[in-house]
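Report on one structure; see the data block that follows.
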Amino acid sequence: MATLDLTPVSEWGFFTLPRPMVIAGPCSAESEEQVLRTAAGLKAEGIHVFRAGIWKPRTHPGCFEGIGVPGLKWLQKVKNEYGLKVATEVASERHVFECLKYGVDMVWIGARTTANPFLVQEIADALKDTDIPVLVKNPVNPDLDLWIGALERLNRAGVKKLGVIHRGFSSSQKTNYRNEPGWNIAIELRTRFPELPFFADPSHMGGARAYVQEISQRALDLGLEGLMVESHCDPASALSDSKQQLVPEDLGKMLANLTVRDNDSDSVEYREGIDQLRAQIDVIDETLLHMFKQRMEVSRKIGTYKRDHNIAIVQASRWDTILSNMVEHGREYGLSEKFLSEVFNAIHEESVAIQNEILSAAPEEKK
Ligand code: PEP
Ligand code: MN
């Protein structure tokens, strides 16, 4: 089991507690004026850490792929003129060296890069003997081990100021959100490494301004302590991710509307704990529902298949084998036989009912 040697986020000198720790700024640095105007607006809203993409990984060629090195000078101005810490995305050794040269305070690894161990290793090697914090976004695909592997590579290279950003996962199933939240994966990571500073990125998860508030609230309810939010002084003119960026004033309002539980008294601490656990249960129950739906869809297909091949619905011996396998497996997880037989028998009954419905609804379709 991987372990990480971490410097507590309270020692980074970046964020003022209490939660949430906020990183905000435009998707991309586009011009000096846009960067400075946005930074000024964010400073006025109490933000201390400014983000802006300098090199942008775009899906299609020909889109704005980032301003490159000239933008690092604008970030220096944000540092010197407004006293904000500045952060950008790195995807190669060259990016790391340029960032170090221009005094970038913190870097993050983007979702597409986390999915590539060669690049993560190259970045980790380039960061050896430096002390800047590194945040690792989840890989685009829902693979927790790949995410943890990236953290291990950085940690082995001596990066101890490490954190993560959950930005959701690509999915072939279209939902309202741009990237599927997959909160259960975030919860698992949180459980494995409770000390790892954990940010959510509601902008890339939601893909639209309208979702930023609800996703941010969900993240806080789950006990995540930070947010990375995209903000632009004029989102309509943004060269990337224009639909999901908030003007600084709206970001300030969004943050003010979040319910952040304080933990300065025993009972508040208790409430916070229970709310986080309940939020985790809600996510798990939603996952169960989704799994039930998928299971019943497969049962329906089996029903049609059996009907078309003139096979009886119930093959008792097959069900006995499934049930005893489940009970045996479940015992290893500490789940009782009574509980498992009740749950699986209920699932089986429902599958049989669905298949019966198929047989009786369309008897003449077969011939
Ligand atoms: C970004 O933060 O602008 C970005 C490209 O994000 P992601 O790596 O999450 O797609
Ligand atoms: Mn973006």
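Selection of segment 138-148 for residues being open to solvent by 10 Å² or more (accessible area, probe 1.4 Å) and not β-branched (Val, Ile, Thr) yields ASN141, PRO142, ASP143, LEU144, ASP145, LEU146. Taking each residue of segment 307-332 that is closer than 16 Å to VAL352 by Cα and looking for partners that are open to solvent by 80 Å² or more (accessible area, probe 1.4 Å) and of a type in the set (Phe, Trp, Tyr) with beta-carbon atoms closer than 9 Å, six or more apart or interchain, yields ILE311/TYR305. Just so you know, in segment 230-248 the residues that are outside any loop (DSSP other than H, G, I, E, B) and either within 11 Å of ligand 1 (Cβ to nearest atom) or of a type in the set (Gly, Ala, Ser) (or both) include one that is surrounded by the most Cβ atoms within 10 Å (Cβ to Cβ), and it is SER231. Open to solvent by 20 Å² or more (accessible area, probe 1.4 Å), more than 29 Å from LEU36 (Cα to Cα) and at pLDDT below 95 - does that describe any residue in segment 219-229? Yes - at least one qualifying residue is present in segment 219-229.
Residue count for segment 301-313 satisfying the condition of being exposed (fewer than 13 other Cβ atoms within 10 Å of the Cβ) and either among the hydrophobic types (A, V, I, L, M, F, W, C) or farther than 30 Å from GLU337 by Cβ (or both): 6. When every residue of segment 287-294 is checked against the conditions, none turns out to be in contact with a helix residue (DSSP H, G or I) (Cβ under 7 Å, 6 or more places away or on another chain) and of a type in the set (A, V, I, L, M). Scanning segment 149-166 for residues that are open to solvent by less than 40 Å² (accessible area, probe 1.4 Å) and either in a strand (DSSP E or B) or touching a Leu at 6+ places or on another chain (Cβ under 7 Å) (or both) gives LEU151, LEU154, ASN155, ALA157, VAL159, LEU162, GLY163, VAL164, ILE165, HIS166. Of the residues in segment 183-219, how many are acidic (Asp, Glu) and in contact with a helix residue (DSSP H, G or I) (Cβ under 7 Å, 6 or more places away or on another chain)? Total satisfying the criteria: 1.
With the structure loaded, tell me whether ASP129 is more than 16 Å from ligand 1 (Cβ to nearest atom) and either under 19 Å from the mean Cα position of the chain (by Cα) or modelled with pLDDT of 95 or more (or both) or whether it fails that test. No: the conditions fail for ASP129.
Yes/no matrix, rows are residues, columns are (1) in a loop (DSSP other than H, G, I, E, B); (2) among the hydrophobic types (A, V, I, L, M, F, W, C); (3) open to solvent by less than 80 Å² (accessible area, probe 1.4 Å); (4) within 23 Å of GLY207 (Cβ to Cβ):
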residue: ASP250; (1), (2), (3), (4): no, no, yes, yes
residue: VAL268; (1), (2), (3), (4): no, yes, yes, no
residue: GLU272; (1), (2), (3), (4): no, no, yes, no
residue: GLN276; (1), (2), (3), (4): no, no, yes, no
residue: ILE281; (1), (2), (3), (4): no, yes, no, no
residue: GLN294; (1), (2), (3), (4): no, no, yes, no
residue: SER299; (1), (2), (3), (4): no, no, yes, no
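Every listed requirement among (1) closer than 15 Å to ALA24 by Cα; (2) more than 16 Å from ligand 2 (Cβ to nearest atom) is met by HIS204 save one, (2). Only residues that are open to solvent by less than 20 Å² (accessible area, probe 1.4 Å) and more than 13 Å from ligand 1 (Cβ to nearest atom) were counted across segment 194-214, and they come to 4.
Counting the residues of segment 167-201 that are of a type outside the set (D, E, K, R) and either farther than 23 Å from PRO117 by Cβ or not in a loop (DSSP other than H, G, I, E, B) (or both) gives 18. Could you tell me whether any residue of segment 356-363 is within 28 Å of GLN173 (Cα to Cα) and either of a type in the set (A, V, I, L, M) or out of contact with any Pro (no Cβ under 8 Å at 6 or more places or on another chain) (or both)? Yes, that holds for at least one residue. Residues in segment 157-189 that are among the charged types (D, E, K, R), within 16 Å of ligand 2 (Cβ to nearest atom) and under 15 Å from PHE199 (Cβ atoms): ARG167 alone.
The values are calculated or read from the model by the stated rules, or taken from the named source; none is laboratory data. Values in this document were obtained by computation on a predicted structure and should not be read as measured data. Backbone-built Cβ (ideal geometry, glycine too); neighbour counts: all protein chains shown. Just the protein is used for accessible areas: all its heavy atoms, side chains included, with ligands, DNA and RNA removed. Shrake-Rupley method; radii C 1.70, N 1.55, O 1.52, S 1.80 Å.
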